[in-house]
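Peer 1: Sharing a structure below in structure tokens format, with a few things to ask.
Values in this text are rule-based calculations from the coordinates and carry no lab data. Bear in mind that the values here come from a model prediction, so they are computed numbers and not experimental data. FYI the Cβ positions are ideal-geometry reconstructions off the backbone, even for glycines, and counts take in every protein chain you see.
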Amino acid sequence: MRKPIIAGNWKMNNTIREGLELINDLKARSLDEDVEAVVCVPFTFLSEARKVLRDTGIKLAAQNMYHEESGAFTGEVSPIMLKELEVDYVILGHSERRQIFGETDEMVNAKVKSALRHGIKPIICVGETLEERENNKEVEIVTTQVEKSLKEIDIRYIEDLVIAYEPIWAIGTGKTASSEDANSMLSSIREKITELYGKESSEIIRLQYGGSVKPETIKELMEKENVDGALVGGASLKANDFTQLVNF
Ligand code: PGA
């Protein structure tokens, strides 16, 4: 069935030296091979990480990319550049990109299309703010983000897609959604996929929860029917914690 996927989002952390220490530490540990482990590292570390991870099962991801292949886009990184580094996944539309850097659903959709076209699997992030949840708008907000991010994406790409539900109020705050709430939102996302692509596709696509996931909470989370994995920030920066998460 769906292979669990635990992705560590390092965000803007670690120098090359620190990253090498962490990656080598992870490499030395035994990670469950039935779980896909992914490290989402800063651009500056992708090349080194690729070399170290080449003969391991750990997958490599970038945290963002621009949708164009090349050109006058100062400061951006293209899918061709990521492909050159044999990047497997790319996080797209993380709430920090949306909130701090003004990324819209339309921009995320362009990036998703471009990543898929270049053979890079997107981890598409969606999630509501606290205010939206308090106004009972969370399902509408999140399913609309899903629909807009997937606009004109062909059904053949379903197995390459990962959607991460990350409620913004739970990211880096220590507040985590209950496993029931996470499962319930992922169920709504799966229903949206059924509506867009049919039942079979909704059973193929992998859905993650993200937001203050810790070794203490992973087991209960992963037991839920709709949870296929986790996108983890803070706890992915420690080899011990990340190992426990992968080996849930
Ligand atoms: P966190 O971050 O685990 O530190 O809450 C999750 C994320 O932003 O992907």
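Peer 1: Looking at the structure I just gave you, is GLY57 touching a residue at least 12 places away in the same chain (Cβ under 8 Å), more than 22 Å from GLY211 (Cβ to Cβ) and part of a helix (DSSP H, G or I)?
Peer 2: Criteria not met by GLY57.
Peer 1: May I ask you to list the residues in region 120-142 that are over 15 Å from TYR165 (Cα atoms) and either within 16 Å of the chain's Cα centre (by Cα) or among the hydrophobic types (A, V, I, L, M, F, W, C) (or both)?
Peer 2: Result: ILE120, LYS121.
Peer 1: What helices (runs of 4 or more DSSP H) lie completely within region 197-248 and have 1 or more residues being among the aromatic types (Phe, Trp, Tyr) and under 18 Å from ASP34 (Cα atoms)? Please lay out each step first, then the result.
Peer 2: Values: elements: 199-204, 215-222, 239-246.
Those helices (runs of 4 or more DSSP H) span 239-246.
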